1. Within segment 64-102, track down each residue that is more than 14 Å from the chain's Cα centre (by Cα) and at positive phi.
2. Report, by residue number, each residue of segment 156-186 that is in contact with a helix residue (DSSP H, G or I) (Cβ under 8 Å, 6 or more places away or on another chain) and in a helix (DSSP H, G or I).
3. Taking segment 51-98, which residues are surrounded by 15 or more Cβ atoms within 10 Å (Cβ to Cβ) and in a loop (DSSP other than H, G, I, E, B)?
4. Would you mind telling me which numbered condition in (1) at pLDDT 95 or above; (2) within 25 Å of residue 181 (Cα to Cα); (3) surrounded by fewer than 16 Cβ atoms within 10 Å (Cβ to Cβ) residue 28 fails?
5. For residue 92, are the conditions met, namely being out of contact with any strand residue (DSSP E or B) (no Cβ under 9 Å at 6 or more places or on another chain) and within 23 Å of residue 132 (Cα to Cα)?
6. Kindly indicate the residue of segment 107-155 that is in contact (Cβ under 8 Å) with a residue 60 or more places away in the chain and outside any helix (DSSP H, G or I) and also surrounded by the fewest Cβ atoms within 10 Å (Cβ to Cβ) among those meeting that condition.
7. Restricting to segment 22-43, name every residue that is out of contact with any helix residue (DSSP H, G or I) (no Cβ under 9 Å at 6 or more places or on another chain) and either at negative phi or part of a helix (DSSP H, G or I) (or both).
8. Considering each residue of segment 131-151, count those that are under 22 Å from residue 81 (Cβ atoms) and more than 16 Å from the chain's Cα centre (by Cα), and give that number.
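The values are calculated or read from the model by the stated rules, or taken from the named source; none is laboratory data. None of these values were measured; they are calculated from a predicted model. Heads up, the Cβs are rebuilt from the backbone with ideal geometry, glycines too, and the neighbour counts pull from every protein chain shown.
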């Protein structure tokens, strides 16, 4: 089944500080190969917990993909320098049982749109050489690839924002808000 963020069971929205408990739970559900793919090395539960606790410290833009109300994937956009400048890094994590359903691609699209709307000129994606899923997701955006040992750095140059791209983000945010209100009501 392909992930559709507007179906009754699926939703995608920006993550906020009040989501920290769900963010930590998501990262702790990642198995070791998925943790290695996301963080570039094996991390134990203690380090994962510390990362989750400080998730919003450098003010990222993050999106979460939810299935039946449970956070199953996270896409992060973090500035490469203090304060938001012209370049940023993208990272994705999708729980093992939810991979291969288009969730990573949907999150990536939302992140690129958010970066574009904020005038980001360079987006960097670091992933392990064997991570074919990330290679396929980034390939859709025609990146420049650099190989560093066992890692790949994909660099994307998103187009400038347009009224349509800004409206797209606003509509996605509004739809996510309305959907979250309906999910809370019994």
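1. 68, 69, 83, 100, listed by residue number.
2. 165, 166, 168, 169, 172 - these are the residues of segment 156-186 that are in contact with a helix residue (DSSP H, G or I) (Cβ under 8 Å, 6 or more places away or on another chain) and in a helix (DSSP H, G or I).
3. Selection gives 55, 56, 60, 84, 95.
4. If we test residue 28 against (1) at pLDDT 95 or above; (2) within 25 Å of residue 181 (Cα to Cα); (3) surrounded by fewer than 16 Cβ atoms within 10 Å (Cβ to Cβ), just (2) comes out false.
5. Spelling it out, it is not the case that residue 92 is out of contact with any strand residue (DSSP E or B) (no Cβ under 9 Å at 6 or more places or on another chain) and within 23 Å of residue 132 (Cα to Cα).
6. 151
7. Correct list: 22, 32, 36.
8. So the first thing to find is which residues in segment 131-151 are under 22 Å from residue 81 (Cβ atoms), and the list is 138, 141, 143-144, 146, 148, 151.
In the following step, the residues that additionally are more than 16 Å from the chain's Cα centre (by Cα) were identified as 143-144, 146, 148, 151.
Going through segment 131-151 one residue at a time, the tally reaches 5.
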